[in-house]
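First comes the structure, then the notes that go with it.
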Amino acid sequence: MTTIRPIPVDRYLVPDRATPQLPPDAVRVQQAIAHGLPATFQLDAQLSLALYVPTGDAVLWRDADPTALVIAASDELAPRAPAGVEDPVARPAARFVLRRGGANLGATALRSGLVCALPDDGASSALVQLWVIDYALHAGTLRDAGDFGSFVDFAWRRADRGSDQFTRPPLDPRVAERFAGQVQSTIGDRT
């Protein structure tokens with residue numbers, strides 16, 4: 001039986017979408033959005049994360065079917081025609097805003113696969129590390145409260161506190177393959 005080896009171009013292809021490897025102290029939040037926007041997610045006693053979608057044109061959402069999908073993480077991963085021009089109104093700029101005591105500390109775009117630290121203004125140290133995993137926002141959620149199928153899935157952790165557990169960074173499979181079966185050192189080897 002012949003083993004088929006992977007073609008060399010495989011390593012350059014876009015991998016299947018998978019849940020990111022989260023650190024053990026990350027808190028995952030999978031929340032349906034039933035009270036409309038803005039939606040607020042309490043992170044801890046001090047910090048909260050608010051989801052805003054500034055559209056600027058309420059008529060679009062007032063007249064739309066409430067179950068119509070406005071933005072979703074799956075749209076970012078779908079193939080597009082290279083010559084296709086996206087309508088600027090078709091994708092509103094959804095934002096996560098980090099808040100403490102009613103004050104905005106930092107903001108970031110809602111994008112699939114996003115990993116960031118907030119605030120990221122360069123003037124202050126980061127308080128929160130954020131992973132955006134999945135989301136879907138429907139037209140009804142942008143205009144009113146109700147269960148229209150909108151949800152958000154993200155993970156977060158405090159970035160301003162130390163940790164006593166550290167993980168080894170993953171080894172690239174191509175490097176591991178190169179060194180498989182090779183002895184790197186004979187010092188301390190009792191054979």
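Observations on the model:
- Single residue of region 156-183 satisfying the filter (of a type in the set (D, E, K, R) and either within 22 Å of residue 118 (Cβ to Cβ) or modelled with pLDDT under 75 (or both)) that is nearest to the chain's Cα centre (by Cα): 157
- Single residue of region 116-143 satisfying the filter (more than 15 Å from the chain's Cα centre (by Cα) and not small (Gly, Ala, Ser)) that is surrounded by the most Cβ atoms within 10 Å (Cβ to Cβ): 141
- Single residue of 147, 120 found to be within 22 Å of residue 61 (Cβ to Cβ) and among the acidic types (Asp, Glu): 147
- Subset tally (residues that are polar (S, T, N, Q) and free of Cβ contacts under 8 Å to residues at least 12 places away in the same chain) for region 97-123: 1
The values are calculated or read from the model by the stated rules, or taken from the named source; none is laboratory data. Owing to the predicted nature of the structure, the values given are computational and were not obtained by experimental measurement. Every residue, glycine among them, receives a Cβ derived from its backbone with ideal geometry; neighbour counts consider all protein chains shown.
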